[in-house]
1. Which FRET efficiency value, to the nearest 0.05, do you get for Lys106 and Lys45 by plugging their Cβ-Cβ distance into 1/(1 + (r/R0)^6) with R0 = 25 Å?
2. Roughly what would the spin-label model give for Ser119 and Asn139, points 7 Å off Cα along C-beta, in nm?
3. Once the Cβ-Cβ distance between Asp95 and Ala179 is put in as r, and R0 is 45 Å, what FRET efficiency do you end up with, to the nearest 0.05?
4. Set the bar at 26 Å for Cα to Cα. Now go through Lys62/Lys97; Lys62/Lys104; Lys62/Lys87 and name every pair that lies beyond it.
5. In the stretch 31-101, which GluC sites (Glu not before Pro) fall in coil by DSSP and have 13 or fewer other Cβ atoms within 10 Å?
6. Under the 0.36 nm per residue contour assumption, what length would be gained going from the current alpha-carbon distance of Thr64 and Asn30 to full extension?
7. Within the stretch 57-146, which trypsin sites (Lys or Arg not before Pro) sit in a loop by DSSP and count at most 10 neighbouring Cβ atoms inside 10 Å?
8. Could you run the Debye sum over the Cα atoms of the stretch 21-79, one equal point scatterer each and no solvent, and tell me log10 of I(q)/I(0) at q = 0.13, 0.15, 0.24, 0.29 Å⁻¹, two decimals?
Amino acid sequence: MKRIGLVMACLLAGGVAAMAQDVAPGPVANPVTTTVKGQLTRYEKNMVAAADLMPAEKYGFKPTAEMNSFGHVVMHIAQSNYFLCSKISGAAPPDVKLTEADGKDKLVAGLKASFEFCSTALAGVDDSKLGDPLTLFGNRQTSRAGALITLSDDWYDHYGAQAVYLRLNGILPPTAQPAAAK
């Protein structure tokens with residue numbers, strides 16, 4: 001348990017540094033959506049790379065019996081992307097069926113496709129309607145800004161989980177790879 005805590009502390013410290021890089025100098029016309037769109041590009045790269053790094057035979061790996069498998073985490077990221085980006089943009093998500101039992105190739109392809117959907121769906125979103133009400137997860141009331149924050153939080157959280165799963169299998173996550181390997 002101490003090992004996981006140490007890894008999470010390192011990830012959080014790196015996340016704070018990464019968050020500071022998301023803010024452009026000077027005035028930004030749409031600061032919230034511009035920031036989230038910048039995060040999308042970085043997290044697509046890192047989360048897809050993390051999914052690629054995990055060997056196919058480790059997609060069933062669970063750190064403990066109560067936790068989700070790595071394959072479930074990848075599937076969940078894709079599903080979250082489709083759901084949240086659809087809600088934020090109003091674009092209908094594609095009818096994609098993924099299960100944690102799907103092979104690595106299908107899950108990685110599904111993850112890539114979910115980020116492509118988000119990129120397209122969020123392209124026309126700006127800060128002008130951040131206060132508009134949205135309903136998430138059944139009956140949770142929020143705003144478009146709240147949904148954007150949830151999306152961003154999900155990327156940080158899910159990438160952190162991927163990184164822990166990789167490290168527990170002796171694999172450096174993408175953001176910990178030596179500069180020459182990136």
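1. Between Lys106 and Lys45 the formula returns 0.80.
2. Going by the 7 Å Cα→Cβ label model, 3.9 nm.
3. Working: r = 41 Å, r/R0 = 0.90.
According to the calculation, E is roughly 0.65.
4. Working: Lys62/Lys97 22 Å; Lys62/Lys104 15 Å; Lys62/Lys87 30 Å.
Those over the limit are Lys62/Lys87.
5. On the way: sites: Glu44, Glu57, Glu66, Glu100; in loops: Glu66, Glu100.
Qualifying residues, ordered by number: Glu66.
6. Details: separation 34, 0.36 × 34 = 12.24 nm, distance 4.21 nm.
Using 0.36 nm per residue and subtracting the Cα-Cα distance, I get 8.0 nm.
7. Numbers: sites: Lys58, Lys87, Lys97, Lys104, Lys106, Lys112, Lys129, Arg140, Arg144; in loops: Lys97.
When the trypsin sites (Lys or Arg not before Pro) of the stretch 57-146 are filtered for loop state and at most 10 Cβ neighbours within 10 Å, Lys97 remain.
8. Scattering profile of the stretch 21-79, log10 relative to I(0): -0.50, -0.60, -0.95, -1.17.
Where a number appears in this text, it was derived from the coordinates with a stated rule and is not lab data. Everything quoted here is computed from the prediction, not taken from an experiment. We place every Cβ from the backbone using ideal geometry, glycine too, and count neighbours over all the protein chains shown.
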